[in-house]
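A.B. asks: Before anything else, here's the structure in question.
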Amino acid sequence: MATKKAAKKATKKAVKKAAKKAPAKKAVKKAPAKKAVKKAPAKKAAKKSAVKKASSRKYSPKASRSVEREMKAMKEGKLKSGRSKKKVTSKKQAIAIGLSEARKAGAKVPAKKKSAKKKKK
């Protein structure tokens with residue numbers, strides 16, 4: 001064991017000495033890039049903004065923090081369900097509780113999916 005420690009110390013010292021002796025790298029200036037002239041009609045700009053809106057986040061960061069907190073509580077065994085106050089054991093249930101709390105807090109969360117029975121009415 002003692003020999004392994006001595007070998008490690010020796011290699012660390014060698015690396016430090018090599019780093020000190022190595023010359024510093026000089027900064028290389030790059031040629032300035034040519035500026036592109038934008039000639040986009042208004043129609044294309046409108047389409048791009050519509051595409052951006054569609055690809056925005058489904059769940060807000062606040063909602064993801066809420067779910068993360070509930071998952072941690074579930075793993076610690078501290079998460080209890082609604083009225084029954086029974087211990088939550090499934091990941092799906094923990095996520096559902098987190099999203100529900102996020103909705104109540106006003107975070108951006110998609111609406112709940114309606115069950116088949118409610119859709120028929």
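The values are calculated or read from the model by the stated rules, or taken from the named source; none is laboratory data. A quick note: this is a predicted structure, and the numbers were derived from the prediction, not measured. Using ideal geometry, Cβ is built from the backbone for each residue, glycine included, and neighbour counts are taken over all protein chains shown. Calculation scope for accessible area: heavy atoms of the full protein, side chains included, ligands and nucleic acids excluded. Shrake-Rupley method; radii C 1.70, N 1.55, O 1.52, S 1.80 Å.
A.B. asks: Put GLU101, GLU68, GLU76 in order of accessible area, largest first, 1.4 Å probe: what do you get? Could you put the intermediate results ahead of the total?
C.D. replies: Working: GLU101 75, GLU68 135, GLU76 105 Å².
From most accessible down to least: GLU68, GLU76, GLU101.
A.B. asks: Now, a different point. HN-Hα J couplings of region 76-85 from phi, Karplus 6.51/-1.76/1.60, θ = phi - 60°, integer Hz, Gly and Pro as x?
C.D. replies: 7, x, 9, 7, 10, 7, x, 6, 6, 6
A.B. asks: Based on the Cβ-Cβ distance of LYS104 and GLU76, what FRET efficiency does E = 1/(1 + (r/R0)^6) give at R0 = 22 Å, to the nearest 0.05? Could you put the intermediate results ahead of the total?
C.D. replies: On the way: r = 22 Å, r/R0 = 1.01.
Efficiency computed from Cβ-Cβ geometry: 0.50.
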